[in-house]
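Asker: Take this structure first; my questions come after.
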Amino acid sequence: MFGLTKKDLSLLGIVAILTMAAPFILNPFPTESAMAQFNAGYPDLMQKFVIFGIFAIGFNILFGLTGYLSFGHAAFLGVGSYSCVWMFKLLGYNVLPGIALSIVVSGLFALLIGVITLRRSGIYFSILTLAFAQMSFALAYSVLSNPKFNLTNGETGLQVYADDPQWFHSANLPDLPHLFGLSMRATHRMTLGGWEFQFNAGYYMCAIIMLVCFYLAIRIFRSPFGLMLRAVKSNQQRMNYTGLNSRPYTLAAFVISGMYAGLAGGLLSAVDPLAGAERMQWTASGEVVLMTILGGAGTLIGPVLGAGLIKYFENIFSKINESVLHSWFGFLPDGLEDFVITIVYPFVGKGWHLTLGLIFMLVVIFLPGGLIEGGQRIGRLFRGKKASKAGKSATTEPAE
Amino acid sequence: MGILEVKNVNKRFGGLQALGDVNLSVAENSCHAIIGPNGAGKSTLLNCLVGKLIPDTGSVMFDGQSVLGRKPYEINQMGISRVFQTPEIFGDLTVMENMMIACFAQRDGAFKMHAIGSMWKEKDIVEKAEHMLESMNLAEKRDMHTASMSRGDKRRMEIAMCLSQEPRLLLLDEPTAGMARADTNNTIDLLKKIKEERDITIAIIEHDMHVVFSLAERITVLAQGTPLVEDTPEKIKGHPKVREAYLGEAQVA
Ligand SMILES: Nc1ncnc2c1ncn2[C@@H]1O[C@H](COP(=O)(O)OP(=O)(O)OP(=O)(O)O)[C@@H](O)[C@H]1O
Ligand SMILES: [Mg+2]
């Protein structure tokens, strides 16, 4: 079905079920319990999971397949965000034109930058993309926001004002981003015993788009084009002497991943109509690199996992402050309590980066293939045990 | 006029004259061996043919067209395939995937945006790749990553990839180095068979005289960047200059 093999189809199916059931899965703790702060099933965070999932899926098409490490993909994210908000300002709050424009504009922008940066490979390519992204950031932050020509609204960020044209806006439509009248903020709350689950329109729209993006990524991975991209990573010399021009292949991958990033940027604006230059900063470019490597570069689902994990840390770990720690460790004798809290404190709250950094280091050192490799190892461990058990009873069965 | 015409090619690396006034004519559908001691400039000459190096002076014509100034992939698409001295294959891809890349390059040209259909549904490519693997005795290694293969297998992999492109001129740089005797003989048989089946010109660099004398119709001896003699295998065997410059050395080594 859908032109996928059974294995890929079941992967897509699992991802579809997980994303559709995310409001339940991410809210395992009752609202009143002490653990409730670990719940991630609220619209704002769930939207981030899928949007950055899209960003990472696209980035992985470039980095995971061709090995070209771009340090400037946040530029495309930012361009997408600005494009979408401009559509809100000019046309109205329907998100479709904005999302469409963000894909188109970021694609064109990626084409321009790709043509220039792909003249080099390896570290030089990375530096060039970084330079371009920083230039884009500078443009957005100051140059393109002067009174005569204000494209980005500088430090304040681009947003919709009451005197914007919004040609297609009418009084019966929500005064916030919407899809044909369905507000992105519309949230249905469901209470079940001590639990509360939230079903948000913006989340479901983004989740469906992510599933489409994921599906397309699978098709690309399995296509002849995907094979050529892996050839680029493996041995460009052999590729060239086999009559293949590697440049248009890498450029196509660059543009596709730029469009994914632009789409993610557009969706960020669609769920929250404000686009700021900080989305283009190098830290944002670095973040998607971390997501991809953490999850497993070159694997299908890894980058999505990585994106989820990082966004979870950013939003959940950062909320744990000293008083929360006191409530956790209150059962300990006073001196010990203070001691434990002193040790733990640097790793939570504002120190969440520290924990993330440690995890990242551990993954890169012990699981170069990312979390996916970890999962595979655990899987093999289980299957290995099963196989050896089976081997004892029936020696004919071949171990996998 | 041969299919490959090399005229007055010079190549310097700093103070080293790697190629000095090389003239070489390879007749269509022949097998031409280039032999010579280590450092004679044999690989450098091949590099000048496939666009890896540009000669300082001289011309290289393939089938009446100059190859100079063309990119490696363009030269390959003209019909020249090359096997390298150290195997150049896609190490982290499987044997079958390696083979399929070569088949795609031959069918679809230098670039084709074919991003949605599954590569395994390209029946003609899959069949051709499988057939090539059969004939190279690589079929049972189909799903192995090529990086973990033996050196001899890597070479056969590379030869198979080049052959699947159905080149008009095949350049082989020491194709049997690192192969077991049996594989060397298989390779000789395979190349002979290919030559009988279709029109192909082969230029081969080889230190193994058994291979050279089994395949070559003409032999050029290169020493210190300059062709010493060019003749038939029989004549070369007895040539005093050659014994002195090359064969003597090879027998000692
Ligand atoms: N890119 C290069 N830069 C500088 N010197 C080079 C380069 N390539 C080859 N040489 C030198 O040119 C000479 C000829 O090298 P080449 O590789 O063509 O020899 P060869 O005949 O293929 O020898 P072998 O039998 O060992 O493969 C050698 O002295 C080598 O060191
Ligand atoms: Mg050599």
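What follows is calculated from the coordinates using simple rules that are stated; it is not laboratory data. Quick caveat, the model's predicted, so the values are computed rather than measured. Every residue, glycine among them, receives a Cβ derived from its backbone with ideal geometry; neighbour counts consider all protein chains shown.
Asker: Quick check on the exposure proxy: order B:Ser135, A:Ser10 from fewest to most C-beta atoms within 10 angstrom.
Answerer: On the way: B:Ser135 16, A:Ser10 11.
Result, fewest neighbours first: A:Ser10, B:Ser135.
Asker: Continuing with this model, one more query. Can you list the DSSP H helices in chain A whose Cα atoms extend at least 18 Å along the helix axis and whose mean Kyte-Doolittle hydropathy is 1.0 or higher?
Answerer: Helices passing the filter in chain A: A:6-20, A:43-66, A:74-90, A:95-117, A:122-138, A:201-222, A:246-271, A:282-295, A:352-366.
Asker: Quick check on region A:200-240: take the gyration tensor over C-alpha atoms, sort the square-rooted eigenvalues as a ≥ b ≥ c, and tell me if it's rounded (a/c under 1.5), prolate or oblate. Could you put the intermediate results ahead of the total?
Answerer: Values: a/c = 7.23, a/b = 3.85, b/c = 1.88.
The shape class here is prolate.
Asker: For the pair A:Val212 and B:Asp199, what calculated FRET efficiency results from E = 1/(1 + (r/R0)^6), where r is the Cβ-Cβ distance and R0 = 56 Å, to the nearest 0.05? If you can, show how the numbers build up before the last one.
Answerer: Details: r = 49 Å, r/R0 = 0.88.
After rounding, the FRET efficiency stands at 0.70.
Asker: Counting only other residues whose beta carbon sits under 14 Å from that of A:Ala36, what net charge do I get with K and R as +1, D and E as -1? Present the calculation step by step, with values, prior to reporting the outcome.
Answerer: Numbers: positive: A:Lys319; negative: A:Glu32, A:Glu196.
Surrounding charge for A:Ala36 is -1.
Asker: What aspartates and glutamates sit close enough to B:Lys52 to cross-link, taking a C-alpha to C-alpha distance under 17 Å and skipping anything fewer than 8 places away on the same chain?
Answerer: Once the sequence-local aspartates and glutamates are set aside, what remains near B:Lys52 is B:Glu74, B:Glu88, B:Asp173.
Asker: Could you calculate the contour length gain from B:Thr57 to B:Ile116, that is, 0.36 nm times the residue separation minus the distance between their Cα atoms, to one decimal place in nm?
Answerer: Result: 16.6 nm gained on full extension.
Asker: Any number yet on Rg/Rh for region A:6-278, C-alpha, Kirkwood?
Answerer: Expressed as Rg/Rh, it is 1.02.
Asker: Here's something else I'd like to know. Assuming R0 = 45 Å, can you tell me the calculated FRET efficiency for the pair A:Leu362 and B:Arg142, based on Cβ-Cβ distance, to the nearest 0.05?
Answerer: Using R0 = 45 Å, I get an efficiency of 0.80.
Asker: Calculate the spin-label point distance for B:Asn185 paired with A:Thr31, positioning each point 7 Å from the Cα along the beta-carbon direction, and give it in nanometres.
Answerer: Result for the modelled spin labels: 8.3 nm.
Asker: On to the next question. Using the structure shown, select from B:Lys192/B:Lys237; A:Lys311/A:Lys350; B:Lys7/B:Lys42 the pairs with a Cα to Cα distance greater than 18 angstrom.
Answerer: B:Lys192/B:Lys237
Asker: Follow-up. Taking 0.36 nm per residue of separation and subtracting the Cα-Cα distance, what length does fully extending A:Thr355 through A:Lys6 add?
Answerer: The span from A:Thr355 to A:Lys6 would gain 121.9 nm if fully extended.
Asker: Straight distance only, please: which lysines reach the Cα of A:Lys89 with their own Cα at less than 24 Å, same-chain residues fewer than 8 apart left out?
Answerer: Partners within reach: A:Lys48, A:Lys148.
Asker: Express in whole angstrom the spacing between the alpha-carbon centres of region B:153-168 and region B:32-56.
Answerer: Cα centres, region B:153-168 to region B:32-56: 20 Å.
Asker: Arranged by the count of other C-beta atoms within 10 angstrom, fewest first, what order do A:Ser323, A:Ser70 take?
Answerer: Lowest to highest Cβ neighbour count: A:Ser323, A:Ser70.
Asker: Within region B:93-166, how many lysine pairs that are 8 or more places apart, or on different chains, have C-alpha atoms less than 25 Å apart?
Answerer: Eligible lysine pairs with Cα atoms under 25 Å apart amount to 8.
Asker: Hey, fewest Cβ within 10 Å first, where do A:Leu267, A:Leu211 land in order?
Answerer: The most exposed by this proxy come first: A:Leu211, A:Leu267.
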